[in-house]
Amino acid sequence: MQEKSINISDFDYPLPDERIAKFPLEERSSSKLLIYKGGDISHRHFRDLGEVLPEGTLLVFNNTKVVRARLVMHKESGARIEVFCLEPHTPADYEHAFAVKGSAEWSCIVGNLKKWKSGEVAIHFEIEGEAHSLRATITERGTREHIVRFEWDADMTFGELLEYLGRIPIPPYLNRESEEIDNTRYQTVYSKFEGSVAAPTAGLHFTPDLIEQMRGKGFGFEEVTLHVGAGTFLPVKEEDATKHPMHTEHFEIRRSTIEKLLAAWGRITAVGTTSVRTLESLPALAWRIHQGIEPTAEVVGQWELYDIPTEYTGEVALREILTYMEQNGLDRMKAATQIMITPLGFEYRIVRNIVTNFHQPKSTLLLLVSAYVGEDWHRIYDYALENDFRFLSYGDSSLLMR
């Protein structure tokens, strides 16, 4: 990629605290929907989505499920230590990591680390009157993340243990503790596979009724899986945003999904930035196949997509992946991505329209929006602020269309 820079201050805007939605609305689909279509801006309600999207649209959901990844543990002295499980270390695969019993190692962020210089922290709990404990030790210390070994004596998988003892990790900018309502409302109604520490929030507006209503009108729905990491909340601290190191997120896509994307070519709407990141990472895998390189051996690099020739279209890329999967007898592909979508010439090759919430100032997600709408992001956000839209995870939504 050609050396260029992005002044992150150009992606700032005033966001008063009272405009951040601290709690969800009572009815998911009653949220506001800003509609940006070819430069024109208007708004309706989210439940009207099926009246606004073009006929024959295929909506792509991220079906990841938020894990109760926050564990409040204590030292023998009584000191409170919060352990936030980010991603599995041993075993490293999410599916296996949630299924193990007895012990596991995870990469974690630790709150009140200064009080945990050595030794164990624990949670003591009961199941059907029988006493059990979950104990943790730090096996490897890092700058921000640490490897924590968990050991437990209950006949439970680690996934069951988190469900029983953990708390939903709501975004830090809500400035409150998680509550009972978050256990259901900080999940999409179509969440399936555990692995995220943050919800794919654009999908929070969908209800089963709305999905069925849209199906009845001929809309298609397909799913990918990308496990959202805590890095999604990391602010861009460098004045030049290109110096910001993007976090890694793991994703999976099925062969049948590739087939449906091709069948709906030109009518693909990504629900949420995580679906965007998954779909727009696919041309990188395809280009590797095209060059005779193993497609999933390495993480999709932060700037890898920018080096793929413009004439290598998204449709060509999907066909290349489909052929590869057929020839190798693959039903699904697992990969990881560090893709950074910015207005520095990023080309959307697969996604036609985007459903997304309103993002934090100076964030990589705002850069992603700008890569799609250009300088019009200022007009979109000004409109949202002037028309009492609610912002961030539990806030209102937008539909971006070209």
**Message:** Taking the criterion of being in contact (Cβ under 8 Å) with a residue 24 or more places away in the chain, crowded, with 19+ Cβ neighbours inside 10 Å, under 23 Å from the mean Cα position of the chain (by Cα) and not in a strand (DSSP E or B), would at least one residue in the stretch 323-334 satisfy it?
**Reply:** no
**Fill in**
All conditions in (1) over 20 Å from S196 (Cβ atoms); (2) exposed (fewer than 12 other Cβ atoms within 10 Å of the Cβ); (3) in contact (Cβ under 8 Å) with a residue 60 or more places away in the chain are true of T143 except (3)
**Prompt:** Identify, please: which residue in the stretch 250-286 is within 24 Å of L399 (Cα to Cα) and charged (D, E, K, R) and is, among those, surrounded by the fewest Cβ atoms within 10 Å (Cβ to Cβ)?
**Reply:** K260
**Message:** Just to be sure before I move on: is E311 under 26 Å from L344 (Cβ atoms) and surrounded by fewer than 22 Cβ atoms within 10 Å (Cβ to Cβ) in the structure I sent?
**Reply:** yes
**Prompt:** Out of the residues in the stretch 354-391 that are of a type in the set (K, R) and farther than 17 Å from G38 by Cβ, which is farthest from the chain's Cα centre (by Cα)?
**Reply:** R390
**Fill in**
Pairing a residue in the stretch 246-273 that is under 22 Å from T296 (Cα atoms) with any residue that is surrounded by fewer than 21 Cβ atoms within 10 Å (Cβ to Cβ) and basic (K, R), where Cβ atoms lie under 6 Å and the two sit 6 or more apart in sequence or on different chains, gives E252/R332; E252/K334; R254/R332
**Asked** Scanning for something more than 21 Å from the chain's Cα centre (by Cα), under 16 Å from I354 (Cα atoms) and either modelled with pLDDT of 95 or more or of a type in the set (A, V, I, L, M, F, W, C) (or both), does the stretch 121-128 turn up at least one residue?
**Response** no
**Item:** Selection within the stretch 372-386 - farther than 22 Å from E347 by Cα, of a type in the set (S, T, Y) and either in contact with a strand residue (DSSP E or B) (Cβ under 7 Å, 6 or more places away or on another chain) or not assigned by TED's automatic domain parsing to the domain that holds I35 (or both)
**Value:** Y383
**Request:** May I ask you to say which residue of G218, G203, G231, G195 is at pLDDT below 95 and outside any strand (DSSP E or B)?
**Result:** G231
**Asked** Somewhere in the stretch 68-84, is a residue closer than 18 Å to N357 by Cα and crowded, with 16+ Cβ neighbours inside 10 Å?
**Response** no
**Message:** Need pairs with beta-carbon distance below 8 Å; first residue without any contact (Cβ under 8 Å) to a residue 60 or more places away in the chain and within the stretch 210-226, second surrounded by fewer than 18 Cβ atoms within 10 Å (Cβ to Cβ) and not aromatic (F, W, Y); sequence gap 6+ or separate chains.
**Reply:** I211/V189
**Qualifying residues in the stretch 141-184 (those that are under 15 Å from G111 (Cβ atoms) and not in a loop (DSSP other than H, G, I, E, B)) - the one modelled with the lowest pLDDT** = P172
**Prompt:** Would it be correct to say that V52 is surrounded by 14 or more Cβ atoms within 10 Å (Cβ to Cβ), β-branched (V, I, T) and outside the structural domain of T242 (by TED's automatic domain parsing)?
**Reply:** no
**Message:** Could you tell me how many of the residues in the stretch 116-136 are outside any strand (DSSP E or B) and aromatic (F, W, Y)?
**Reply:** 1
**Among residues of the stretch 38-48, those that are surrounded by 18 or more Cβ atoms within 10 Å (Cβ to Cβ) and at pLDDT below 95, counted** = 0
**Asked** Among R215, R176, which is basic (K, R), under 23 Å from L261 (Cα atoms) and surrounded by fewer than 18 Cβ atoms within 10 Å (Cβ to Cβ)?
**Response** R215
**Request:** Tell me which residues, restricted to the stretch 275-323, are touching a helix residue (DSSP H, G or I) at 6+ places or on another chain (Cβ under 9 Å), hydroxyl-bearing (S, T, Y) and farther than 16 Å from L262 by Cβ.
**Result:** S275, S281, T296
**Item:** When residues of the stretch 69-84 are limited to those that are touching a Phe, Trp or Tyr at 6+ places or on another chain (Cβ under 7 Å) and in contact (Cβ under 8 Å) with a residue 60 or more places away in the chain, the one nearest to G111 (Cα to Cα)
**Value:** R70
**Item:** Every pair of residues 6+ apart whose Cβ atoms lie under 6 Å, when the first sits in the stretch 281-299 and is part of a loop (DSSP other than H, G, I, E, B) while the second is among the charged types (D, E, K, R)
**Value:** P295/R288
**Message:** Please pick out the residue among I20, I35 that is at pLDDT 95 or above, under 22 Å from A199 (Cβ atoms) and buried (at least 16 other Cβ atoms within 10 Å of the Cβ).
**Reply:** I20
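The values are calculated or read from the model by the stated rules, or taken from the named source; none is laboratory data. Everything numeric in this text was worked out from a predicted model, so none of it was measured. Note that we place each Cβ from the backbone using ideal geometry, even for glycine, and neighbour counts take in every protein chain shown.
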